[in-house]
Amino acid sequence: MRATLGVILIVASLTAYYVYIPIPNSLSEPWKLMLLDATFRGVQDVCHLVQQLGLGHHLRALNFVINAFEMLAPQSNELVEVTDTIFDGVQVRVFEPKAKPNGELRRSVIYIHGGGWALGSARMRSYDHLCQKMANIMKAVLVSIEYRLVPEAYFPEQINDVYSATRYFLQPEVLSRYSVDPNRIALSGDSAGGNLAAAVSQQLVLDRTITIRLKLQALIYPVLQAFDFNTPSYQQNMAAPILNKHVMARFWLEYLNGDPGFVQAMLVNNHTASDQSQLTSIRARLNWTTLLPQSFKKNFKPVIQVMGNPQVIKELPTLIDPRAVPLIADKEILQLLPKAYILTCEHDILRDDGIMYAKRLEDAGIEVTLDHYEDGFHGAMIFALPPTSFVVGNKIMNNYINWLDKNL
């Protein structure tokens, strides 16, 4: 009996040690978030073990687990018609309100899911729920893009998929088929999907063969740069739940098909040290000491290495390619972009990416709504269904949809 109790105590202690992480009181539903984060970390650890044993890539294993619990076939209801189809070789899921438009053309939102360019799907239960809700409330046509993922595809294939599907949809004859108003179309996405939405929005304004322009871009806690892994939000939230600093650096290297050994150099900004003179102009565009308000800078100090590792940028010049890192785009391009909505969360390493982009857009003369959540965390919006529903997730989703409804 004593031995059994001892084993139980040891297991309980190890479980508590694994589950517990320090979480600020301002974060929404901390214990539920700790359990969710521990589950996600546990699955990730098992998938890394699968790769170490030579049984397959850890991202394929992780997507297998996600798909087993989350994937949905198209499920129409009395309000929304849901179909899977192909736009210029790219799979998409289309959500159309069943209510007749009474002769009026509908609005439309093109949505890009998150997942570090490697995880998730337009067919996931959470994204299906989001798009159904948007289609119903806004009486809009939702196009959710199923772009290819790492390790099946690397940069720039994800961008190419989103660009191809978006460009196809923007053809007058296609919009007419779906009864969409060409003057009321938005491009939106969350996390890595926000990155792709920002990058494709920039590409679209340079494509003179496209006559139809986006009215809005809406970015949900977007990842927009890989230049500085020590912004105040990275320093403040380096071990935050759902997405921590080390995992984000790994996602970047997976996306750009880079050497995993570069992670440590990137985490301390060795890849962008001040001795690399070719980065001077980019460094000026990402100077958070001037782009962030004092309330976000707090007492954090810049981390700028004097001598770094030039091999990282030499082997991975895509780390400073505006298609991958939209935050460094030229001002002349930013000036051409549509009105923007950018949502950020306090307890998110990517918080400052969104805030800096909002400031750069405003400086370029673009109207921006910055919607910040003090109790939010990365990924909160897609956690809106039981058993992983969060009050802040539903609040974020409702406010996001309301903004689109009023502005599109």
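Looking at Gly365, is it crowded, with 17+ Cβ neighbours inside 10 Å and over 20 Å from the mean Cα position of the chain (by Cα)? Taking the combined requirement at face value, the residue does not satisfy it. Tell me, yes or no, whether segment 338-345 has at least one residue that is farther than 30 Å from Asp259 by Cα, open to solvent by 40 Å² or more (accessible area, probe 1.4 Å) and part of a strand (DSSP E or B). So far as segment 338-345 goes, yes, one or more of its residues are farther than 30 Å from Asp259 by Cα, open to solvent by 40 Å² or more (accessible area, probe 1.4 Å) and part of a strand (DSSP E or B).
Being surrounded by 14 or more Cβ atoms within 10 Å (Cβ to Cβ), more than 23 Å from Gln276 (Cβ to Cβ), modelled with pLDDT of 95 or more and touching a helix residue (DSSP H, G or I) at 6+ places or on another chain (Cβ under 7 Å) is a description that does not apply to Ile328.
Taking Ala118 as the residue in question, decide whether it is in contact with a strand residue (DSSP E or B) (Cβ under 7 Å, 6 or more places away or on another chain), in a loop (DSSP other than H, G, I, E, B) and either within 30 Å of Leu224 (Cβ to Cβ) or open to solvent by less than 60 Å² (accessible area, probe 1.4 Å) (or both). Please lay out each step first, then the result.
Numbers: in contact with a strand residue (DSSP E or B) (Cβ under 7 Å, 6 or more places away or on another chain): no; in a loop (DSSP other than H, G, I, E, B): yes; either within 30 Å of Leu224 (Cβ to Cβ) or open to solvent by less than 60 Å² (accessible area, probe 1.4 Å) (or both): yes.
So Ala118 fails the test.
Residues in segment 133-157 that are in a helix (DSSP H, G or I), in contact (Cβ under 8 Å) with a residue 60 or more places away in the chain and either of a type in the set (Gly, Ala, Ser) or in contact with a helix residue (DSSP H, G or I) (Cβ under 6 Å, 6 or more places away or on another chain) (or both): Met134, Ile137, Met138.
Residue-wise test of (1) at pLDDT 95 or above; (2) within 30 Å of Thr388 (Cα to Cα); (3) assigned to a loop (DSSP other than H, G, I, E, B).
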residue	(1), (2), (3)
Phe229	yes, yes, yes
Met238	no, yes, yes
Met248	yes, yes, no
Asn257	yes, no, yes
Phe262	yes, no, no
Thr280	no, no, no
Thr290	yes, no, no
Val306	no, no, yes
Ala324	yes, no, yes
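Can you spot a residue in segment 320-334 that is in contact with a Gly (Cβ under 8 Å, 6 or more places away or on another chain) and over 18 Å from Met266 (Cβ atoms)? Reasoning before the result, please.
Pass one, segment 320-334, residues in contact with a Gly (Cβ under 8 Å, 6 or more places away or on another chain): none.
No, because not a single residue in segment 320-334 is in contact with a Gly (Cβ under 8 Å, 6 or more places away or on another chain) and over 18 Å from Met266 (Cβ atoms).
For segment 252-264, a tally of residues being out of contact with any Leu (no Cβ under 8 Å at 6 or more places or on another chain) and surrounded by 22 or more Cβ atoms within 10 Å (Cβ to Cβ) returns 1. Residues in segment 36-86 that are farther than 27 Å from Gln132 by Cα, open to solvent by 80 Å² or more (accessible area, probe 1.4 Å) and of a type in the set (A, V, I, L, M): Val46, Leu49, Leu53, Leu55. For segment 87-107, the candidate set comprises residues that are in contact with a Pro (Cβ under 9 Å, 6 or more places away or on another chain) and not hydrophobic (A, V, I, L, M, F, W, C); within that set, the residue that is least open to solvent (accessible area, probe 1.4 Å) is Arg93.
Return only the number of the condition from (1) in a loop (DSSP other than H, G, I, E, B); (2) at pLDDT 95 or above; (3) within 30 Å of Asn183 (Cα to Cα) that Ser201 does not satisfy. Status for Ser201: all satisfied but (1).
Looking at Asp161, Asp181, just one residue is among the charged types (D, E, K, R), part of a helix (DSSP H, G or I), at pLDDT 95 or above and crowded, with 17+ Cβ neighbours inside 10 Å, and that residue is Asp161.
The values are calculated or read from the model by the stated rules, or taken from the named source; none is laboratory data. Predicted, not measured: the structure shown is a model, and the values here were computed from it. Methodologically, a virtual Cβ is constructed for each residue, glycine included, from the backbone with ideal geometry; neighbour enumeration extends over all protein chains shown. Quick note on the areas: whole protein, heavy atoms, side chains included, nothing else; ligands and nucleic acids left out. Shrake-Rupley method; radii C 1.70, N 1.55, O 1.52, S 1.80 Å.
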